[in-house]
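Structure record follows, encoded as structure tokens.
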Amino acid sequence: MLTEAPKGTKDIYGAYMDEWQRVEKIMREICDDFGIGEIRTPIFEHTELFLRGVGETTDIVQKEMYTFKDKGDRSVTLRPEGTAGAARSYIEHGIYNNPQPTRYFYIGPMFRYENTQKGRQRQFHQFGVEMYGSYSPSLDAEVISVAYELLKRLGINDVMLRINSLGCPQCRKKYNDALKAYIGGNIDKMCDDCRSRFEKNPLRVLDCKEERCQNIIAGAPVVLDYLDDECREHFETVKAMLDEMGIPYEVDDKIVRGLDYYTRTVFEFVSNGIGAQGTVCGGGRYDNLVAECGGQPTGCAGFAVGIERLLLVLEAQNGAFEKKQEKDIYIGAIGQAGLVKGQGITYRMRSAGIKAECDSVGRSVKAQMKYANKIGAAYSVILGDNEIEQDSVKLKNMATGEEEPVKVSELFDIMMAKKA
Ligand code: HAM
């Protein structure tokens, strides 16, 4: 137990972390290009926020939340997702008073007590984007374009965008009635979970993964057939905008998403190459959430990408990640004087942005050269008493093996010149 991370969690380090940082850098660059500012909300919130926001009948709220009483006897929950917290913050700080739309992104851990499997963890990380303050289809299209841009800049080619519309609450009511009539006729063949879902929120029946229920769900009425004129028009405009932006998509009338707050557009980016948990990104419009959480009615749209799943896609496509090893110079030492001098030069170089490394474990000269190779040093020197006394050392180009004599006192300037 002591030496094992809790089930469903992962340590992030090494080559995996390098790739993670590369991906995160691209996310931040995209947000900068699209004018999306970062928001950091607390890892835990009042439980009530998720009950209201995510929805009491969802699997997340019913089965998956890490909820506990704090020492002040308040019920708090580790955030299972980022949308509710960001909306709470938008209301709390009166951000709606600023010129709209407001555009936020976040990167951070989320927590769901799920059955773990490949691509499904209990602590996982999301890159999320939320936009507030517009009912226009432009907002939906813009949000989708951010997610698409991420996959494009990462060079991911195996992921497909699927979109659907759930309509507004009025369309949903009509659809719910039709769904109820259909499911009601089949409910005795469905699982216990579906029976209780059916009572509380028939739409949630469509989330069921059990095979016997899936077979029945396949024949269920589809929400697209119940859209009113305005919702249909909205969906058509979103699609026209995607066409205009050159973003390929498929309409998938089975997408309902597992959270209650969606209205109108919903979408997912799905990969075929990483197994059952292929949804890398999910999102949509959610026009009722802000009001549901105590604010004014506000048009909003957003998405979240699962970072671990995105890395699974990258690994499946590009092969195992490799530890990035790029050092400008390795400064080896023989003896005490070389060690001391080397430490000084290394620090000066690092301060100036040169990636330098010196011996810090007392290796033999041979082992030091091997190490210099291993860390991918472009150059190396070995400083001994003679080199320091005569102010002369051989600077070795590690790629070609060529050596040039340089002054120890000029080593810093030479490396600065090479780096420039
Ligand atoms: P979600 O579909 O629940 O939506 O999660 C978004 C993404 O997070 C999923 O597509 C998946 O990549 C990743 N994810 C979810 N659960 C896990 C898990 N247990 N392990 C690993 N990855 C996971 C939301 O969370 C919404 N808040 C998205 C949103 C933002 N909608 C509007 N704005």
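Miscellaneous remarks
- Number of the condition not met by Glu210 [criteria: (1) surrounded by fewer than 20 Cβ atoms within 10 Å (Cβ to Cβ); (2) under 22 Å from Ser165 (Cα atoms)]: (2)
- Residue selection: Val406 fails the criterion of being surrounded by 14 or more Cβ atoms within 10 Å (Cβ to Cβ), closer than 12 Å to Lys341 by Cβ and touching a Leu at 6+ places or on another chain (Cβ under 8 Å).
Residues are listed down the side, and each one gets a yes or a no for (1) of a type outside the set (Asp, Glu); (2) touching a Leu at 6+ places or on another chain (Cβ under 8 Å); (3) touching a residue at least 60 places away in the same chain (Cβ under 8 Å):
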{"position": "Leu311", "(1), (2), (3)": "yes, no, yes"}
{"position": "Ala320", "(1), (2), (3)": "yes, no, yes"}
{"position": "Lys324", "(1), (2), (3)": "yes, no, yes"}
{"position": "Gly342", "(1), (2), (3)": "yes, yes, no"}
{"position": "Ile345", "(1), (2), (3)": "yes, yes, yes"}
{"position": "Met349", "(1), (2), (3)": "yes, no, yes"}
{"position": "Ile354", "(1), (2), (3)": "yes, no, yes"}
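- Exactly one residue among Gly8, Gly94, Gly35, Gly72 is loosely packed, with under 15 Cβ neighbours inside 10 Å and within 21 Å of the chain's Cα centre (by Cα), and that residue is Gly35.
- Residue list for the range 327-382, restricted to those being under 21 Å from Glu410 (Cβ atoms), in a helix (DSSP H, G or I) and hydroxyl-bearing (Ser, Thr, Tyr): Thr346, Tyr347, Ser351
- Phe267 crowded, with 22+ Cβ neighbours inside 10 Å, of a type in the set (A, V, I, L, M, F, W, C) and away from the ligand (no atom under 16 Å from the Cβ): no
- Residue count for the range 272-287, restricted to those that are more than 8 Å from the ligand (Cβ to nearest atom) and at pLDDT below 95: 6
- Per the listing Lys63, Lys71, the residue uniquely free of Cβ contacts under 8 Å to residues at least 60 places away in the same chain and either outside any loop (DSSP other than H, G, I, E, B) or in contact with a helix residue (DSSP H, G or I) (Cβ under 6 Å, 6 or more places away or on another chain) (or both) is Lys63.
- Every condition in (1) within 25 Å of Val146 (Cβ to Cβ); (2) crowded, with 19+ Cβ neighbours inside 10 Å is met by Val61 except one, and the failing one is (1).
Each row is one residue, and each column tells you yes or no for (1) among the hydroxyl-bearing types (Ser, Thr, Tyr); (2) closer than 25 Å to Met27 by Cβ.
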{"residue": "Gly37", "(1), (2)": "no, yes"}
{"residue": "Thr47", "(1), (2)": "yes, no"}
{"residue": "Lys63", "(1), (2)": "no, no"}
{"residue": "Val76", "(1), (2)": "no, no"}
{"residue": "Tyr90", "(1), (2)": "yes, yes"}
{"residue": "Met110", "(1), (2)": "no, yes"}
{"residue": "Asn115", "(1), (2)": "no, no"}
{"residue": "His125", "(1), (2)": "no, yes"}
{"residue": "Val143", "(1), (2)": "no, yes"}
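- Checked against the criteria, Phe303 does not count as surrounded by 19 or more Cβ atoms within 10 Å (Cβ to Cβ), of a type in the set (Phe, Trp, Tyr), in contact (Cβ under 8 Å) with a residue 60 or more places away in the chain and more than 9 Å from the ligand (Cβ to nearest atom).
- For the range 111-127, the criterion of being part of a helix (DSSP H, G or I), crowded, with 19+ Cβ neighbours inside 10 Å and either within 14 Å of the ligand (Cβ to nearest atom) or of a type in the set (S, T, N, Q) (or both) is met by none of the residues.
The values are calculated or read from the model by the stated rules, or taken from the named source; none is laboratory data. Keep in mind the model is a prediction, meaning the values are calculated, not measured. Methodologically, a virtual Cβ is constructed for each residue, glycine included, from the backbone with ideal geometry; neighbour enumeration extends over all protein chains shown.
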